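Laboratory data are not the source of any read-out in this text; all were calculated from the coordinates shown. Please read these numbers as outputs of a predicted model, since none were measured by experiment. Glycine also receives a Cβ, built like all others from the backbone with ideal geometry; neighbour counts cover every protein chain displayed.
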Amino acid sequence: MAVKIRLARHGSHKRPYYRVVVANSRSPRDGRFIEEVGRYNPLTTPKTINLDLEKISEWQAKGAQLTDAVAALVKAANEGEKAAEAPKKSKKQLAREAAEAEAAAAEASEE
């Protein structure tokens, strides 16, 4: 049995949201699935990606294949975790830190 981790479309007309599901590759897109491992909503700003990365990796270890769309979501979720760990600094903060570093270097060269 070929198992894929893919998107199942839900929601009303022109208002989609997606469930990330583990399903037999021969079952219909929105049909029967084995397990739900996440959700994706492209309509929110920023796009909402909720994935259980542990379950996805467990299914991949069992031989499940990611579709291209789900692979992109997993990559975005991993980058999102890294971005959450290291918060971005604004241009003003970076300029302020650069000015402080220059001032400290100037003081050190005067001594």
Shape box of the chain [Cα atoms, principal axes, largest first, Å]: 75, 35, 17
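Work through the residues other than Thr67 whose Cβ is under 11 Å from its Cβ and net out their charges, Lys, Arg +1 and Asp, Glu -1.
Details: positive: Lys4, Arg6, Arg29; negative: Asp68.
Surrounding charge for Thr67 is +2.
How long is the gain from Ala61 to Glu97 if the chain were fully straight, where each residue apart is worth 0.36 nm and the alpha carbon distance is subtracted? If you can, show how the numbers build up before the last one.
Numbers: separation 36, 0.36 × 36 = 12.96 nm, distance 4.52 nm.
Going from the current span to full extension adds 8.4 nm.
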Check which residues have an amide H placed less than 5 Å from Val37's amide H, if you skip close sequence neighbours. Val20, Val21, Val22
In region 1-73, if the dipole is taken from +1 on Lys/Arg beta carbons and -1 on Asp/Glu beta carbons about the Cα centre, which of Leu66, Asn50, Pro28 is farthest to the positive end? Pro28
From the cross-link list Lys4/Lys55; Lys14/Lys47; Lys55/Lys89, which pairs have alpha carbons spaced over 24 Å apart? Lys55/Lys89
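For region 1-53, what does the equivalent ellipsoid look like in terms of its semi-axes, each the square root of 5 times an eigenvalue of the Cα gyration tensor, given largest first in whole Å?
On the way: eigenvalues 89, 36, 8 Å².
Gyration-tensor ellipsoid for region 1-53: 21, 13, 6 Å.
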Compute, for the chain, the length of the dipole vector about the Cα centre, with Cβ point charges of +1 (Lys, Arg) and -1 (Asp, Glu) only. Units Debye, rounded to 20. 1320
